[in-house]
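Data first, discussion second: the structure below is written as structure tokens.
Derivation of every value follows stated rules applied to the coordinates shown; laboratory data play no part. All of these numbers come straight from a predicted model, not from anything done at the bench. For neighbour counting, all protein chains shown are included, and Cβ atoms are generated from backbone atoms with ideal geometry for every residue, glycine included.
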Amino acid sequence: MTQDAALALVQQFVELGLVVVGPVLLAALLAGVATGIFQTITQINDVSLGFVVKAASVVVLLLVIGGALAEKTTRYTRDQLSAVAGVVH
């Protein structure tokens, strides 16, 4: 395996990680900011409110796009496992 091939594998792995984790982190970030603004406006200082809203937003997001994310991860894993024969000579 050449250095270029190894770098391509790492690049694909990082890209897949960003595609899979990015939407989940963005949903949690937006929910956290919205909850923070709501708590500031209403002066409700409940720690569990922020957690519940973030958790609920992540669960809803995963219910909506979780299948597509799992399919991308499965396809990547299948491709990498089938390429093992080319990596190990």
Can you give me the three principal axis dimensions of the chain from its C-alpha atoms, in Å, biggest first?
64, 25, 14
HN-Hα J in Hz across the stretch 52-69 - Karplus 6.51, -1.76, 1.60, θ = phi - 60°, x for Gly and Pro
5, 5, 5, 4, 5, 5, 5, 5, 4, 4, 5, 5, 7, 10, x, x, 5, 5
Folded to 0 to 90 degrees: helix 3-42 orientation relative to the chain principal axis, Cα:
0 degrees
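Per-residue ellipticity at 222 nm for the chain, helices alone: DSSP H runs ≥ 4 residues times -39500 (n - 2.57), over residue total, nearest 500 deg cm²/dmol?
On the way: 3 runs with 80 residues, N = 89.
Per the formula, -32000 deg cm²/dmol.
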Val21 paired with Leu81, simple spin-label distance in nm, labels 7 Å along Cα-to-beta-carbon
2.3 nm
How far apart, in nm, are the 7 Å Cα→Cβ label points at Gln12 and Ala34?
3.6 nm
